[in-house]
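Enquirer: Questions regarding the structure given below will be posed in turn.
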Amino acid sequence: MQHGYLFLLWFLASWHVRAARAQTAAGDTLHLSLSGVLARVRAEYPLGRANAALVSAAEARAAALKVYENPRIEIDRTTFRELDNLRLVQSIRWPAEGRALGGVGRAQVASARAEASVRQGNFALEVAQRYTDALRQARVVALMVEAESLAQRAVDRAVSSRQLAQTGDLTVLEVQVSLDAARRARRGAEAERDASAAALAILLGDNPKSPVAFDDDLPLLAPVPAPDSLVAQALAGDPESARLQSEAEGARREVDLARARRWPQLELGPSITIGESTTVGLAFGLSLPLWNRQTAAMRAASADRGAALAQLEARRRELAASVLEARTTLARVEGEQGLLRGGELARAQQAALLAGRALEQGGPYLSAWLTARQAYLDARRAELDLQWQAARARLLLHHLAGTLYAKDGQ
């Protein structure tokens, strides 16, 4: 009985410790930056290990191509007790076949590495976009909190004005509806922020219940210093283009390999003849490629090379078009930001200030203040959306130019 009581105390104490640790882990704030997120993805995410394993497999297959075939033992018997001839025969490759096999292996390794870079780059862009979306959603929450605060101020002012007989019940109901809508918008924004932050934490292997603090500012995220040079930079460092080039090179080497195998294959090795006298000699064989002249293999490899080169040309065109579209989007968004800040946002802010001063005089100005306040909040939301679009366009430009890791990993 005493042992059972002690076990119960131990179990309750350990459970309490585990619960306290879980609460502490869930309550720790997770500080994230774009550079830190990308560095963790590169170092910790399982995709990196998968890519490394695939490259290792390609290197092993390339090494296997260089290995000679196993030697063959041939035995001639005339009776069950006597052995007439014993030969050990090894196939000998022509130098051209060996060079072609080495080239095929190197092309396969290069293609695997380029494909790994493609997968890693695409995932890095996805994570960076998730980070940008979460950062935007955190800004939306701050804006919705401000909107709710202003709506509460309007309700307080309307109630005071009704008590002074400066306004009626209709105005009070209008501002209360506005407050309800602001609260609903704030809660929805918080739910979206928490969901995006939790998804990002899961990708990084962190506790999804931990609160997240973002260290970046959305307008300053991933700046592009020289957009005009990105086309050449993208074409030079595009891993998908490198993969297609490797496939084309591998197909060319396949053509060389098939051409080399059109020659007769040598077989050479020692032989021993056992009879009345034992004779040691040299066995020589020659395989004649009479039926298979490698024509089909050469035709297939040539077609693969043509397909890879055509895809490479299409990829380069698509890449140039994507860079142009991203640059155009960035220029358009920056132009709209300038117009918004110099026009609509500035005037809406001034109108809200004037309406707020007039509101201090009583109820008749409440409707004007509500209208001005909503216009100002709409302009702020439009500015936030433009900042988000510009950030995503800059991320895409860095991705296309192959500088997403380098830029944010500094």
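Readers should treat all values here as calculations from the given coordinates under stated rules, not as data from a laboratory. Since we're looking at a predicted model, the values are computed, not measured. So basically every Cβ, Gly included, is an ideal-geometry build from the backbone, and we count neighbours across all protein chains shown.
Enquirer: Which loop-located GluC sites (Glu not before Pro) does region 246-336 contain, where loop means any DSSP state but H, G, I, E or B and the Cβ has at most 13 other Cβ atoms within 10 Å?
Expert: The qualifying sites are Glu276.
Enquirer: With r as the distance between the Cβ atoms of Val145 and Ala199 and R0 = 22 Å, compute the FRET efficiency 1/(1 + (r/R0)^6) and round to 0.05.
Expert: The pair Ala199/Val145 has a calculated efficiency of 0.50.
Enquirer: State, to one decimal in nm, how far the label point of Leu54 lies from the label point of Leu88, with both points 7 Å from Cα in the Cβ direction.
Expert: Distance between the two pseudo-spin positions: 4.3 nm.
Enquirer: Still on this model: Could you work out how far apart the two model spin labels at Asp169 and Ala368 are, taking each label as a point 7 Å from the Cα in the direction of the beta carbon, and quote it in nm?
Expert: Result for the modelled spin labels: 2.8 nm.
Enquirer: Moving on to the next point. How would you rank His398, His31, going from fewest to most other Cβ atoms within 10 Å of each one's own Cβ?
Expert: Ascending number of Cβ neighbours within 10 Å: His31, His398.
Enquirer: Pick out, in residue order, every one of the trypsin sites (Lys or Arg not before Pro) in region 53-133 that is DSSP loop and has at most 14 other C-beta atoms within 10 Å; say none if there are none.
Expert: Here the trypsin sites (Lys or Arg not before Pro) that fit, given the DSSP loop and packing criteria, are Lys66, Arg81.
Enquirer: Another question about this same structure. What distance in nm lies between label points placed 7 Å from Cα along the C-beta direction at Arg341 and Phe284?
Expert: 8.6
Enquirer: For the pair Leu235 and Arg357, what calculated FRET efficiency results from E = 1/(1 + (r/R0)^6), where r is the Cβ-Cβ distance and R0 = 56 Å, to the nearest 0.05?
Expert: The formula returns an efficiency of 0.45 here.
Enquirer: Taking one equal scatterer on every alpha-carbon of region 30-408, how large is log10 of I(q)/I(0) by Debye at q = 0.12 1/Å?
Expert: Each listed q corresponds, in turn, to -1.02.
Enquirer: Fewest Cβ neighbours within 10 Å first, please rank Phe123, Phe284, Phe214 accordingly.
Expert: Phe284, Phe123, Phe214
Enquirer: Quick check: residue separation of Arg332 and Arg119 times 0.36 nm, minus the Cα distance between them. What number comes out in nm? Each step should come with its number before you reach the end.
Expert: Details: separation 213, 0.36 × 213 = 76.68 nm, distance 2.99 nm.
Result for the pair: 73.7 nm of gain on full extension.
Enquirer: Also, quick follow-up: Sort Tyr376, Tyr131, Tyr68 so the one with the fewest other Cβ atoms within 10 Å of its own Cβ comes first.
Expert: Details: Tyr376 23, Tyr131 27, Tyr68 10.
Lowest to highest Cβ neighbour count: Tyr68, Tyr376, Tyr131.
Enquirer: Using 0.36 nm times the number of residues separating Ala310 and Asp378, minus their current alpha carbon distance, what extension gain do you get?
Expert: Stretched out fully, the Ala310 to Asp378 stretch lengthens by 19.6 nm.
Enquirer: Please work out how much length the chain gains when fully extended from Ala320 to Arg262, using 0.36 nm per residue of separation minus the C-alpha to C-alpha distance, in nm with one decimal. Don't skip to the answer; put the middle values down first.
Expert: Values: separation 58, 0.36 × 58 = 20.88 nm, distance 4.23 nm.
Extra length from Ala320 to Arg262 when fully extended: 16.6 nm.
Enquirer: Moving on. Using the alpha carbons of region 88-184, what is the convex hull volume per residue in cubic angstrom, as a whole number?
Expert: With only Cα atoms used, region 88-184 gives 120 Å³ per residue.
Enquirer: Moving to a separate point now. Let's test the formula: R0 of 51 Å, r as the Cβ-Cβ distance of Ser210 and Arg99. What FRET efficiency results, to the nearest 0.05?
Expert: Once rounded, the FRET efficiency stands at 0.35.
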